[in-house]
1. Assigning unit charges at the beta carbon (Lys, Arg +1; Asp, Glu -1) and nothing else, what dipole magnitude in debye, to the nearest 20, does chain A show about its Cα centre?
2. In a solvent-free Debye calculation with one equal scatterer on each Cα, what is log10 I(q)/I(0) for the protein assembly as shown at q = 0.06 Å⁻¹, listed in the order of the q values?
3. Where the label is 7 Å out from Cα toward Cβ, how close does B:Gly211 come to the same position in every other copy, in nm, shortest first?
4. Along Cα→Cβ, 7 Å out, is where each label goes; now give me the distance between the ones at B:Ala85 and A:Asp130 in nm to one decimal.
5. Determine the shielding of peptide A:232-240 by partner chains: average, over its residues, the number of Cβ atoms on other chains within 10 angstrom of each Cβ.
6. Starting from 0.36 nm per residue, how many nanometres of slack lie between B:Leu107 and B:Asp177 once their C-alpha separation is accounted for?
7. Kindly rank B:290-302, B:202-214, B:27-39, A:279-291 from highest to lowest mean number of other beta carbons found within 10 Å of each residue.
8. If r is the Cβ-Cβ distance from A:Arg366 to A:Ser338 and R0 is 30 Å, what FRET efficiency results, to the nearest 0.05?
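Throughout, read-outs are computed from the coordinates displayed, never taken from laboratory work. Everything quoted here is computed from the prediction, not taken from an experiment. Cβ coordinates were reconstructed from backbone atoms using ideal geometry, including for glycine residues, and neighbour counts include every protein chain displayed.
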There are 2 protein chains.
Amino acid sequence: MQTELSKQLHVEHALFGFTPFPAVAAAISRAGGFGVLGAVRYTAPDELERDLDWLDAHAGGRPYGLDVVMPARKVEGVTEADVEAMIPEGHRRFVAETLAKHGVPELAEGDAVGWRITGWMEEVARRQLDVAFDRPIRLLANALGSPPPDIVARAHEQGVLVAALAGSARHAVKHRDGGIDIVVAQGYEAGGHTGEIASMVLTPEVVEAVGPLPVLAAGGIGSGEQVAAALALGAQGVWLGSLWLTTTEADLHSPALTRKLLAAGSGDTVRSRALTGKPARQLRTEWTDAWEGPEGPGTLPMPLQGLLVADAISRIQKYEVEPLLGTPVGQIVGRMNSERSVQAVVDDLTRGFERAVDRINRIAGRSEQP
Amino acid sequence: MQTELSKQLHVEHALFGFTPFPAVAAAISRAGGFGVLGAVRYTAPDELERDLDWLDAHAGGRPYGLDVVMPARKVEGVTEADVEAMIPEGHRRFVAETLAKHGVPELAEGDAVGWRITGWMEEVARRQLDVAFDRPIRLLANALGSPPPDIVARAHEQGVLVAALAGSARHAVKHRDGGIDIVVAQGYEAGGHTGEIASMVLTPEVVEAVGPLPVLAAGGIGSGEQVAAALALGAQGVWLGSLWLTTTEADLHSPALTRKLLAAGSGDTVRSRALTGKPARQLRTEWTDAWEGPEGPGTLPMPLQGLLVADAISRIQKYEVEPLLGTPVGQIVGRMNSERSVQAVVDDLTRGFERAVDRINRIAGRSEQP
């Protein structure tokens with residue numbers, strides 16, 4: 001499974017795996033794909049430093065990348081405290097009442113808020129990048145729009161390719177014009193932040209809009225047949241995120257959440273603003289339902305919503321309050337029905353890809369097989 | 001492009017084209033695809049009789065089919081008048097006010113209400129089937145659930161294959177258990193009635209749920225590359241609806257609507273209940289916005305909503321009131337940018353399919369081309 005991009009990056013398979021877990025990223029790269037570590041959960045630069053060093057030591061000498069969340073527009077002089085102060089009291093009350101209704105305990109004194117949204121803040125992302133650029137990353141991806149021009153320039157100086165996610169052809173063109181090297185076309189069915197245009201339509205539209213710039217297809221891909229479909233649509237590879245959540249190397253710190261993921265069907269996700277303030281696909285839970293319901297106060301814009309719910313999400317996760325427990329994940333969750341190693345997942349993808357190529361050749365009358 | 005199903009039906013390409021226009025259906029069959037005439041707009045059996053006879057005379061001896069909208073559950077003794085009586089006055093007022101706001105004239109005395117929803121009623125669909133079964137149709141499709149068992153049995157007695165649309169694997173299994181021969185997996189991005197699961201995820205899920213029963217992929221398909229993707233996902237063919245709306249053989253009776261379709265991007269559709277009471281993807285217009293807006297009274301369940309808006313839609317269409325003028329269409333509308341003949345569309349699909357097969361073989365290392 002070789003495209004121009006996979007050749008350029010010297011990887012065996014055109015499979016790009018995004019994950020918050022260093023062990024998963026390392027295993028993806030070792031298995032011949034391209035592991036991309038998500039940085040959004042790191043608030044302290046030294047934690048990211050430690051995990052990137054671990055990743056480098058365990059990637060088997062294969063290339064890997066980093067994904068940050070950095071807004072292209074800078075809001076001067078705004079701190080986390082300034083943003084906190086903008087959250088209306090009614091919203092805080094709704095969160096407290098929803099947690100109380102489900103008997104969610106408070107965090108203990110000294111508990112870290114594990115789920116943090118502060119990685120969304122440019123100031124935090126810039127500290128992460130200082131760490132990352134000191135290390136041999138080959139790819140820098142940005143999940144929210146194009147990174148600022150100085151970051152793109154700095155990446156290019158160091159030979160780092162820059163990727164950015166796009167939910168429409170218009171966004172993709174903006175990325176290209178901003179000097180981005182790779183566009184990740186993120187379809188409606190994807191986990192996390194998504195637009196409304198499904199991968200089947202979005203992928204070729206983005207390819208036509210920015211080609212010959214390489215495009216990775218994201219959203220709805222969890223089998224080799226889906227990889228083949230994405231490549232038939234003109235993508236130079238696939239960007240897989242959800243699929244790794246149920247690998248044995250992933251550490252969700254929550255057996256209940258893993259059980260929910262394994263049990264969920266493709267119809268058990270919802271595109272909701274409840275997590276970050278922008279529409280993000282995630283497991284549908286009583287938490288997302290509460291925000292959609294008639295008593296919900298409406299979600300706040302990013303980054304307010306994320307700050308508002310950070311403590312609540314941490315409490316729900318810590319105490320594994322099942323009805324409220326969710327995570328960003330795509331519709332492909334319906335196919336994530338067993339815990340497997342990253343290597344087994346990659347093997348399954350490459351085998352399924354070959355099967356799909358056989359099938360399409362039979363249909364096209366290009367093979368002798370029956 | 002030959003699958004088991006296309007061989008069984010003796011068609012050259014595994015391209016199934018659904019259309020309300022006999023001239024389009026005939027041209028699809030003549031071009032080597034399989035034309036399927038939508039019956040929902042026919043209220044008088046003699047009109048359907050006339051158009052089916054025309055289709056038979058112009059299909060060049062190639063097979064074709066009919067698509068009806070027949071609920072599996074029968075509501076005994078309910079007439080159109082009974083249903084009309086269930087529509088709340090506030091809803092009628094909202095429709096009248098919305099039309100008045102845009103200065104939409106009344107229909108002239110004697111004007112037929114061109115856009116009718118009565119084809120949704122079982123009684124009407126059964127009259128259509130009496131007409132259809134007297135003619136050499138090869139396929140009967142039902143757009144809403146499985147057809148009633150007696151209809152399936154009658155079709156099979158006459159050697160007619162029965163297809164039914166499904167938006168989830170669960171629905172597909174119900175169809176299989178109801179004796180259906182072909183499942184059309186209708187993805188989120190499709191025009192008309194759709195569920196929430198996108199084609200990239202839905203197609204293989206349905207194939208795995210009902211295989212070896214043949215599955216057609218619907219939703220998001222308008223290029224040969226997308227056909228290749230659907231076939232890679234395990235479909236035995238594709239079901240194309242939107243794509244024919246801007247062919248030269250289509251007769252929308254509205255230059256303004258054709259202009260809107262040609263100009264629309266993939267992001268210009270919305271999944272709205274405003275047309276029929278069930279979520280149906282259509283052009284986003286000030287009409288759909290009004291129903292979604294804060295002053296909207298909420299939509300009514302099927303078939304009430306369709307009856308409520310039938311007259312309004314006819315008026316909007318007759319007078320081509322552009323801000324309100326819409327039609328069911330999928331996200332693929334973004335690719336429908338020129339008026340072309342059905343033959344040109346089919347040629348484009350088959351050429352694009354071959355290109356995609358070339359590409360996927362290069363990626364798989366199965367060809368010598370660079």
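1. Values: 35 positive and 47 negative charges, 185 e Å.
Computed about the Cα centre, the dipole is about 900 debye.
2. So the normalised log intensities work out to -0.37.
3. Label-point distances to the other copies, shortest first: 2.8 nm.
4. Label-label distance for B:Ala85 and A:Asp130, simple model: 7.7 nm.
5. On the way: counts 18, 10, 6, 2, 1, 1, 0, 0, 0.
So the per-residue partner count for this stretch is 4.
6. 20.6 nm
7. Working: B:290-302: 14.5, B:202-214: 23.3, B:27-39: 26.0, A:279-291: 20.8.
Packing order, densest peptide first, comes out as B:27-39, B:202-214, A:279-291, B:290-302.
8. Details: r = 34 Å, r/R0 = 1.14.
Computed FRET efficiency for A:Arg366 and A:Ser338 comes out at 0.30.
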